[in-house]
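For reference, the structure is listed below as structure tokens.
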Amino acid sequence: PGWSEWLECYFPSMSGFLENLRNPSDFVPWEYKEAAGKFGRDFLHRVHKIFLPLPRSPRPSLDAWIARAASLGAGGFIVGDEIFSPGLWKLNPSFDAACMGLRMTETISVFLRGRWPFASVAGNSSGAAVSPPPDADGLPEFLSSLG
């Protein structure tokens, strides 16, 4: 009891499980259930194809911005070659402090891996097609406009 909301699928009985084997349903990973409920599954399928370059001055912070975009189903992030420094960790405490000294690509990969396993990181790509808003609150509307 109480754990069913964390599961991609839950069958309270064997008959429900057998019915799903006969007529499979499309499961939504728990990390994306809120976005699927608010914006629909088609939104998740469209957004997952999008790789977002990181904004220059993300708000409220880079870790919060990435978490918001990932929870909305963004497929990945385009990250520069910067090194994860103590100063960046101080501004983004959700990143693992053990990543200090590593490239941001690895730091963000570690951050995503624990919660959003379907999101990935790509190296720096000049000329990215989209320029996302720096404010995390603007991401849902921005992502909706792309698909």
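Read the figures in this text as sums done on the coordinates, not as results from a lab. Treat the numbers as computed from the prediction; the structure is a model and nothing was measured. As a convention, Cβ positions derive from the backbone with ideal geometry for all residues, glycine included, and neighbour counts pool all protein chains shown.
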Worksheet item: With +1 on each Lys and Arg Cβ and -1 on each Asp and Glu Cβ, how big is the dipole of the chain about its Cα centre, in debye rounded to the nearest 20?
Response: 140 debye
Response to the item:
If amide H atoms are modeled at 1.01 Å from N in the peptide plane, then the residues at a separation of 5 or more from ILE78, or on another chain, having amide H under 5 Å from its own are LEU52, LEU54, ALA122
Worksheet, complete the sentence: Given chymotrypsin sites (Phe, Trp or Tyr not before Pro), DSSP loops and at most 12 other Cβ atoms within 10 Å, the longest exposed-site-free stretch of the chain is 28-147
Worksheet item: Can you give the longest stretch of the chain with no exposed loop site, where a site means GluC sites (Glu not before Pro) in a DSSP loop (not H, G, I, E or B) with at most 15 other C-beta atoms within 10 Å?
Response: 9-81
Discussion item. Quick check: from the Cα gyration tensor, does segment 1-46 come out rounded (a/c under 1.5), prolate or oblate?
Written reply: oblate
Item to complete: Jot down the per residue volume, in cubic angstrom and as a whole number, of the convex hull over the alpha-carbon atoms of the chain.
Response: 132 Å³
Practice prompt. Please report how far the C-alpha centroid of segment 1-45 lies from that of segment 79-147, rounded to the nearest whole angstrom.
Written response: 28 Å
Discussion item. Between VAL28, VAL130, VAL121, where does the largest GNM mean-square fluctuation fall for the chain, given springs only between Cα atoms within less than 10 Å?
Written reply: VAL130
Discussion item. Using only DSSP helix segments of four residues or longer, with each worth -39500 (n - 2.57), what per-residue ellipticity at 222 nm results for the chain after dividing by its residue count and rounding to 500?
Written reply: -10500 deg cm²/dmol
